[in-house]
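Q: The structure's right below; bear with me while I get my questions together.
The values are calculated or read from the model by the stated rules, or taken from the named source; none is laboratory data. Just so we're clear, the structure is a prediction, and the values are computed from it rather than from any experiment. No Cβ is skipped: glycine too gets one built from the backbone with ideal geometry, and neighbour counts run over all protein chains shown.
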Amino acid sequence: MHVIESGNVAAATGVKLARVQVIAAYPITPQTPLTEKLSEFVESDELSAEYIPVESEHSAMAVCIASSTTGARSFTATSANGLLYMNEQLHWAAGARLPIVMCVANRGVGAPWTVWNDHQDTVSQRDLGWIQLYCSDHQQIHDTVLKAFKLAETVSIPVMVCYDGYLLSHTYMPFDVPEQAQVDAFLPPFKPTHFLNPEEPRNFNTVTLPDVRPDLHGNTAPGYMEIRKTLHSDLRAALTEIEKIDGEFGEAFGRGGDPFVEPYRCEDADYVAFCMGSLSYQLRDVVDAMREEGTKIGVIGLKVYRPFPDAAVRDALTAHKGVIVFEKALSYGNQGALYADVKSALYSAETRPFVHNYIVGLGGREIKTHHLYDALTESIKNEAAIGDEPQWVGLKL
Amino acid sequence: MRQDIIEIRWHGRGGQGAITAAKIVANAAFKSGYNGVVMAPTFGTERRGAPVYTSLKIAREKIYDLSPIATPDMVVVLDHTLLEEVDVTHGLKEGGQIILNTPKSIDSYDFGAHRLSVADVTAYALEAGLAPGIVNTGVIGAFAKATGLVSRELLREAIRHEFSAMKPEENARAAALTYDRTVIGGA
Amino acid sequence: MSKEEFCSMISVSEPGPGDGGNTGSWRVVRPVIDLEKCIPAKTGKPSCFNCWLYCPDAVVTKTLPPTIDYTYCKGCGICAEECPAGAITMVDEASFTKEEK
Amino acid sequence: MDNDKKTTVLTLTDEEIVNPGNRACSGCGLGIVYRTALKALGKDTVLAVPPSCLTVLQGLYPVASTKLPCVNVTFASTAAAATGVRAALRATGRDHLNVVAFAGDGGTGDIGIQALSGACERGEDIIYICYDNEAYMNTGVQRSGTTPKGVMTTTTPIKGKLQHKKDVPSIIAAHGIDYVATASAAYPLDLYDKVKKAASMKGGTRYIHVHTPCPSGWGFAPQYTVHIGKLGVTTGLFDLYEIVKGEFSLTGESAKRVGKERTPVEEYFKTQRRFRSLSQELTDEMQGMIDAKWANYTA
């Protein structure tokens, strides 16, 4: 059934259909309407879940860490400084291999205060060991939430579902909501391999030594480094699972495909614009306009940022003359983090396109379509002149 | 860049229900075959009483551009006192429509080349049994009449759905009363 | 990869004694119970058992007579200090032969 | 407490939930507290533990010294984690289990107080046990909010702590939770009965604050852990009490002292090196505070 609702409600609807068992909720703009909607679902008995109105984001993630360790499907949501306030907990959740799902309505981070959209919050959290998925519209938000639970519980790694604050969180657009039975068939109940259980008492996340050590049965138990290495290898292996789950989702719901990158008019393109989130859809209009003028250009939206799908990115980009990376975040003092990742993925390619970096829309600066048009035109025209330094779009300095 | 998108801007005050009004129209439009519907409220710190606006874009095909409306085809004004604070015609296309909730007659206004429609929504809503100041359902009655974008029936259905828990009949009646009494001016 | 394989390496500990090794080796003085003075031992009836109650390491038994697990006893001396009959003496570990240890 | 049947050393269960051979220091007061509290809680219990001496006592991977399921959590989050355990137990039909947060004084009254306050305000169905050894012992004896005035620590190395001890149990009691109690490592039977009582009062938040002597941090020989703990109570410095649904009453040794002579607090200070720089003036000030407090206690 199609409904017209906000992106936050699209997320909440997905969470409800996933039959989440524990929700930790703390308000922060622009995520708040999501947790409000979930409280409504729980209070009206549409969703049978524990709803914990915690006193901080740090505690929100603590609740999820503990409830997930106890064996319940767990969810929370946040934005910006709330995400950063969770930081140590996020590392903890990944190291403890807990399949928590968290929505992040992307917002710029202070100082100075901003409530508007950019990607600095989640991009700055790319090295946690979480999976990060990005959405371009409400249907993707809703579907990605469902896929995220399945993915998290398959690979025992927490998943962040990221969507643009305001641009997606507060806009309304139509999306299809599947039947509960369909979702139940796709997403079985959460059955953890280890959980807190007095019948088999275990101590979770204990101090772990630098080196390996024998366990009580004489077998070798890993040290900290082995455990961390496994997190990394499993994240890499999760790419295969992402693809598999996307396929299963497609079979069940008739939507999906393009699990890692979502190309638009790229087949014969000389140039490709590359970015994450709703911007990739806005760029479609620009691509259409430029195609009408004879420029062979396409756009690719990246849907999985961590683990970075470098093979898919390489495959998608090597055939083109130029790649123009637009991003709403920066690794301050260096370049756009996504830009660096794209270049790194292309390093091993036989032929490499030129890659440019454009910083857009920080702190909600409106990205006008003509800005994107101008940036792409300039990039293509001045291929040689634009170096590694990020270019700033719509800057009024 | 796309020429097929109808852009409607809704002016109200925080708490007045402009978002809900636009959402109801969005639903009715979607059911009328507009597959592309994007509604974007004022982004940021909305405060009760402060002027706010909401963008609604509708098109037959999916809409990708989420940026706010710069050159609307129509503007809907939920409260005539806003005219003193806000230039509601800003960017309005030539020959664009203005739908205004006002107790004054249509002759009291001059919007030049724009086409004005008026209705005393505040009064009709009271008459329909709503609490004072509930104007959002009434104003979309005026909108439907003036623009012809959505049918009276679909609108009624969309209102009943949105207000299923909150006076659905009264809200539907407010829209119907306003629909019937809206005065449409010439350009 | 299967779900089990994905969650194969996490820090989950199993209960067992001696995480700190044979902590009896930390001991420099050893509690020795004089069964002539120990009230439960002497009377053959369960009574004070302060040695058992206050032991931070659960190495004293609530038995007749009480016994001490020297494999893990760290030699803190709380039992000696709290014995109402003064039946426990802390004896220098150096005075014991290897066999006695 | 007086209406309840008190546990005696003979009726106290033999069952040990903490294994020997753990890494706690010789004479560790926490060893007594932990061992006793876990006897009272029994096996149907889930623990949440932040970094503290208890993390070390509990064992290093892959060996655990405790025969209970336990989740180790970040320093500031203990009460929130216990909340999460409880929520998940309800969600998975295992609500009969005890959920117990076990934290030190820093993890409770300093960095952990936000999460604890939140849990108390919500009335989470958890038992929170704070073992108060009056400084950050696991990191090498730095001052905490509950370090008493005048105490030498590694971060108050010359002048001693300048502020009085933060009264954490009173702060928690101000939340209006069902049960707040204090206890001491030196009175394990009193502690045992309080933990038992807390476990029986399922439904709301229950808080027990346990005075826990630390030989290495306080500067005394390990055999005196119980002796010094008792002095803390008999001097009237640290009182054993409980607040059951708002009703305050002294218990055990503290109850017995009402209207009777108390040991001068100087006797307590003299036993520990951490008080070595205490001036006579401050000693008198502390004695004055104790006397004023006890003037309000009636039999």
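Q: For segment A:183-234, how many residues are more than 9 Å from chain D (Cβ to nearest Cβ) and part of a strand (DSSP E or B)?
A: Of the residues in segment A:183-234, 1 are more than 9 Å from chain D (Cβ to nearest Cβ) and part of a strand (DSSP E or B).
Q: Out of all the residues in segment A:40-53, which are within 14 Å of chain D (Cβ to nearest Cβ) and either over 21 Å from A:Asn81 (Cα atoms) or crowded, with 24+ Cβ neighbours inside 10 Å (or both)?
A: A:Val42, A:Leu47, A:Ser48, A:Ala49, A:Glu50, A:Tyr51, A:Ile52
Q: Looking at segment D:221-245, which of the residues that are of a type outside the set (A, V, I, L, M) and within 15 Å of D:Lys197 (Cα to Cα) is farthest from the other protein chains (Cβ to nearest Cβ)?
A: Taking the candidates together, the pick is D:Lys245.
Q: Another question about this same structure. Have a look at C:Cys76, C:Cys38 and point out the one that is under 20 Å from D:Gly29 (Cα atoms), in contact with a helix residue (DSSP H, G or I) (Cβ under 9 Å, 6 or more places away or on another chain) and touching a residue at least 12 places away in the same chain (Cβ under 8 Å).
A: Answer to the selection: C:Cys76.
Q: Failed condition for D:Ala37, given (1) free of Cβ contacts under 8 Å to residues at least 60 places away in the same chain; (2) buried (at least 24 other Cβ atoms within 10 Å of the Cβ); (3) part of a helix (DSSP H, G or I), with all others met?
A: The number of the failed condition is (1).
Q: Quick one: how many residues across segment D:253-275 are within 24 Å of the chain's Cα centre (by Cα), in contact (Cβ under 8 Å) with a residue 40 or more places away in the chain and part of a loop (DSSP other than H, G, I, E, B)?
A: 3
Q: Count, please, the residues in segment D:20-34 that happen to be touching a residue at least 60 places away in the same chain (Cβ under 8 Å) and assigned to a helix (DSSP H, G or I).
A: Qualifying residue count, segment D:20-34: 5.
Q: Follow-up. Looking at segment A:321-341, is at least one residue over 26 Å from the mean Cα position of the chain (by Cα) and more than 24 Å from A:Asn106 (Cα to Cα)?
A: Within segment A:321-341, one or more residues are over 26 Å from the mean Cα position of the chain (by Cα) and more than 24 Å from A:Asn106 (Cα to Cα).
Q: Report those strands (runs of 3 or more DSSP E) wholly inside segment D:57-146 carrying at least 3 residues which are of a type in the set (A, V, I, L, M) and either under 19 Å from the mean Cα position of the chain (by Cα) or more than 13 Å from chain A (Cβ to nearest Cβ) (or both).
A: D:98-104
Q: For segment A:195-215, state whether one or more residues are within 30 Å of B:Lys62 (Cβ to Cβ) and either out of contact with any Ser or Thr (no Cβ under 9 Å at 6 or more places or on another chain) or not aliphatic (A, V, I, L, M) (or both).
A: No; the residues of segment A:195-215 include none that is within 30 Å of B:Lys62 (Cβ to Cβ) and either out of contact with any Ser or Thr (no Cβ under 9 Å at 6 or more places or on another chain) or not aliphatic (A, V, I, L, M) (or both).
Q: Could I ask something else about it? State all residues of segment A:169-182 that are outside any loop (DSSP other than H, G, I, E, B) and away from chain B (no Cβ under 14 Å); if no residue qualifies, say none.
A: Of everything in segment A:169-182, those that are outside any loop (DSSP other than H, G, I, E, B) and away from chain B (no Cβ under 14 Å) turn out to be A:Gln180, A:Ala181, A:Gln182.
Q: Looking only at segment B:22-67, which residues are assigned to a loop (DSSP other than H, G, I, E, B) and over 23 Å from A:Cys135 (Cβ atoms)?
A: Result: B:Ser32, B:Gly33, B:Thr45, B:Glu46, B:Arg47, B:Gly49, B:Ala50, B:Arg60.
Q: Scan segment A:29-40 and report the pairs whose first residue is under 13 Å from A:Ser6 (Cα atoms) and whose second residue is in a helix (DSSP H, G or I), with Cβ atoms within less than 6 Å and a gap of 6+ or a chain change.
A: A:Pro33/A:Asn8; A:Leu34/A:Asn8; A:Leu34/A:Ala11; A:Leu34/A:Ala12; A:Lys37/A:Val9; A:Lys37/A:Ala12
Q: Considering segment A:124-167 alone, what residues qualify as being under 27 Å from A:Arg365 (Cβ atoms) and of a type in the set (D, E, K, R)?
A: A:Arg126, A:Asp127, A:Asp137, A:Asp164
Q: Cβ-Cβ below 8 Å, separation at least six or inter-chain, first residue in segment A:305-330 and under 17 Å from A:Asp164 (Cα atoms) and in contact (Cβ under 8 Å) with a residue 12 or more places away in the chain, second small (Gly, Ala, Ser) and in a loop (DSSP other than H, G, I, E, B): which pairs?
A: Final answer for the pair search is A:Glu327/A:Gly336; A:Lys328/A:Gly277; A:Lys328/A:Gly361; A:Ala329/A:Ser124; A:Ala329/A:Gly336; A:Leu330/A:Gly336.
Q: Right, another one. Here are some conditions: (1) in a loop (DSSP other than H, G, I, E, B); (2) free of Cβ contacts under 8 Å to residues at least 24 places away in the same chain. B:Asp107 meets all but one. Which one does it not meet?
A: All conditions are met except number (1).
Q: Can you confirm whether D:Leu30 is among the aliphatic types (A, V, I, L, M), in contact with a Leu (Cβ under 9 Å, 6 or more places away or on another chain) and either more than 8 Å from every other protein chain (Cβ to nearest Cβ) or buried (at least 22 other Cβ atoms within 10 Å of the Cβ) (or both)?
A: Yes; evaluated as a whole, the condition is true for this residue.
Q: Among the residues in segment B:60-73, are any surrounded by 19 or more Cβ atoms within 10 Å (Cβ to Cβ) and within 26 Å of B:Pro132 (Cβ to Cβ)?
A: No, segment B:60-73 contains no residue that is surrounded by 19 or more Cβ atoms within 10 Å (Cβ to Cβ) and within 26 Å of B:Pro132 (Cβ to Cβ).
Q: Out of everything in segment C:16-51 that is closer than 30 Å to A:Glu200 by Cα and either surrounded by fewer than 17 Cβ atoms within 10 Å (Cβ to Cβ) or in contact with a Pro (Cβ under 6 Å, 6 or more places away or on another chain) (or both), what residue ends up being nearest to the other protein chains (Cβ to nearest Cβ)?
A: Going through the qualifying residues, I end up with C:Pro17.
Q: Return the residue satisfying two criteria in turn: it lies in segment A:362-392 and is modelled with pLDDT of 95 or more and among the hydrophobic types (A, V, I, L, M, F, W, C), and of such residues it is surrounded by the fewest Cβ atoms within 10 Å (Cβ to Cβ).
A: A:Trp392
Q: Further, regarding this structure: Condition check: out of contact with any strand residue (DSSP E or B) (no Cβ under 7 Å at 6 or more places or on another chain) and buried (at least 21 other Cβ atoms within 10 Å of the Cβ). Does C:Lys74 satisfy that?
A: The answer is yes for C:Lys74.
Q: Test D:Val99 against the criterion of being of a type in the set (Val, Ile, Thr), in contact with a Pro (Cβ under 6 Å, 6 or more places away or on another chain), crowded, with 23+ Cβ neighbours inside 10 Å and within 13 Å of A:Thr70 (Cβ to Cβ), and give yes or no.
A: Criteria not met by D:Val99.
Condition check ((1) buried (at least 22 other Cβ atoms within 10 Å of the Cβ); (2) outside the structural domain of A:Ile297 (by TED's automatic domain parsing); (3) under 21 Å from the mean Cα position of the chain (by Cα); (4) at pLDDT 95 or above) across all residues:
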{"position": "A:Gln182", "(1), (2), (3), (4)": "no, yes, no, yes"}
{"position": "A:Glu200", "(1), (2), (3), (4)": "no, yes, no, yes"}
{"position": "A:Asp211", "(1), (2), (3), (4)": "no, yes, no, yes"}
{"position": "A:Gly218", "(1), (2), (3), (4)": "no, yes, no, no"}
{"position": "A:Leu239", "(1), (2), (3), (4)": "no, yes, yes, yes"}
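Q: OK, next. Among the residues of segment C:19-39, is there at least one that is modelled with pLDDT under 95, of a type outside the set (A, V, I, L, M, F, W, C), more than 16 Å from D:Pro20 (Cα to Cα) and in contact with a Ser or Thr (Cβ under 8 Å, 6 or more places away or on another chain)?
A: Taking every residue of segment C:19-39 in turn, none turns out to be modelled with pLDDT under 95, of a type outside the set (A, V, I, L, M, F, W, C), more than 16 Å from D:Pro20 (Cα to Cα) and in contact with a Ser or Thr (Cβ under 8 Å, 6 or more places away or on another chain).
Q: Oh, and also: Just a yes or no: is a residue in segment C:60-71 surrounded by fewer than 18 Cβ atoms within 10 Å (Cβ to Cβ) and under 23 Å from D:Tyr61 (Cβ atoms)?
A: Scanning segment C:60-71 turns up at least one residue that is surrounded by fewer than 18 Cβ atoms within 10 Å (Cβ to Cβ) and under 23 Å from D:Tyr61 (Cβ atoms).
Q: Would you check if there is a residue in segment D:178-195 being among the basic types (Lys, Arg) and assigned to a loop (DSSP other than H, G, I, E, B)?
A: No, because not a single residue in segment D:178-195 is among the basic types (Lys, Arg) and assigned to a loop (DSSP other than H, G, I, E, B).
Q: Just need a number here: residues in segment A:22-37 that are under 14 Å from A:Trp116 (Cβ atoms) and surrounded by fewer than 24 Cβ atoms within 10 Å (Cβ to Cβ).
A: 2
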